[in-house]
Amino acid sequence: MAKEKKRIIVAVTGASGTNYALVLLKELKKQKIEVHLIVSEWAGEVLKEETGKQISELKKLATKNYSNKDLAASISSSSFLVDGMIILPASVKTVSEILHAHTSSLITRCADNMLKTRNKLVIGVRETPLSGPVLENLWKLSVYGAIIFPLSPAFYHKPKKIKDIEAFIVGKALDLLGVSNSQFNRWKEN
């Protein structure tokens with residue numbers, strides 16, 4: 001029996017780091033992975049500020065796009081089968097909403113589905129420093145099964161440009177989603 005194509009939900013919120021989502025979506029498209037994209041209202045503003053790009057450039061990289069307000073979308077149901085979901089970047093507001101099961105947006109409803117079905121949920125949090133309440137929220141989400149993915153690059157691969165740092169973060173995100181990649185040079189013993 002042939003292996004089915006991977007299907008992943010990618011959500012982009014209004015936290016800094018939307019460039020990571022852009023690079024991730026390009027790689028997922030290159031690998032022909034089915035991507036269901038949700039972009040929050042503020043993500044577009046942050047994307048424009050940080051990269052000079054428009055939401056339309058993110059959307060064209062996805063298989064299907066959804067409004068964050070579309071709670072009737074097929075992906076809002078836990079019966080919609082996916083290999084996982086990544087929120088990249090995840091705002092601390094979104095983290096709090098997921099933890100407290102405030103499913104009033106498509107992003108938080110899909111994340112809640114991942115938790116209740118014990119499916120892979122990767123939360124790429126991009127904030128520093130972190131307050132006590134945010135740390136507690138992240139810890140609780142990890143206890144409930146989410147993978148907390150701080151968007152903190154390593155430097156052992158000796159990055160020279162921003163795109164090298166982006167490649168490291170996206171490579172780690174792909175690893176967490178079970179997607180093979182060679183985005184960065186992996187740690188090697190001397």
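A cut-off of 5 Å between modelled amide H atoms, ignoring neighbours fewer than 5 places along the same chain, links GLY17 with no other residue. Can you tell me which of LEU130, LEU138, LEU28 moves the most in a GNM of the chain? Springs connect C-alpha atoms under 10 Å apart. Highest fluctuation of the listed residues: LEU130. Taking a ≥ b ≥ c as the square roots of the eigenvalues of the alpha-carbon gyration tensor, the range 125-185 is classed oblate because a/c is 1.5 or more while a/b is no larger than b/c. The residue list THR117, THR103, SER180 was ranked by how far each Cα lies along the charge dipole of the range 68-190 toward its positive end, using unit charges on Cβ atoms, and SER180 comes out on top.
Relative to the Cα centre, the charge distribution of the chain, modelled as +1 at Lys and Arg Cβ and -1 at Asp and Glu Cβ, gives a dipole magnitude of about 680 debye. For every helix of n ≥ 4 consecutive DSSP H residues, a contribution of -39,500 (n - 2.57) applies; sum these over the chain, divide by its total residues, and give [θ] at 222 nm rounded to the nearest 500 deg cm²/dmol. The helix-only estimate for the chain comes to -12000 deg cm²/dmol at 222 nm. Proximity of backbone amide H atoms, modeled 1.01 Å from N, is registered between VAL125 and ALA90, PHE149, LEU151 at under 5 Å, excluding neighbours fewer than 5 places apart on the same chain. Within the range 113-150, the trypsin sites (Lys or Arg not before Pro) that combine a DSSP coil assignment with at most 14 other C-beta atoms in a 10 angstrom radius are ARG118.
A quarter of the convex hull surface defined by the alpha-carbon atoms of the range 89-167 gives 6.0 nm² as the mean projection. The residue list ALA62, PRO89, SER142 was ranked by how far each Cα lies along the charge dipole of the chain toward its positive end, using unit charges on Cβ atoms, and ALA62 comes out on top.
Would you mind checking LYS53/LYS140; LYS116/LYS160; LYS5/LYS172 for any pair whose Cα atoms are more than 32 angstrom apart? Long pairs (Cα-Cα over 32 Å): LYS53/LYS140; LYS116/LYS160. Answer rounded, prolate or oblate for the range 1-104, using the Cα gyration tensor with square roots of eigenvalues a ≥ b ≥ c: rounded when a/c is under 1.5, else prolate when a/b is larger than b/c, else oblate. In terms of gyration-tensor shape, oblate. Comparing PRO133, PRO150, PRO159 in a Gaussian network model of the chain where C-alpha atoms under 10 Å apart are linked, the largest mean-square fluctuation is found at PRO133.
Computed from label points 7 Å out along Cα-Cβ, the spacing between LYS140 and LYS93 is 1.9 nm.
Shape analysis of the chain places it in the rounded category; the axes a ≥ b ≥ c from the Cα gyration tensor give an a/c below 1.5.
Computed from the coordinates by the stated procedures, all read-outs in this text should not be read as laboratory data. In this text, all values refer to a predicted model and were calculated from it rather than measured experimentally. Positions of Cβ are generated from backbone atoms using ideal geometry, with glycine treated the same way; all protein chains shown enter the neighbour counts.
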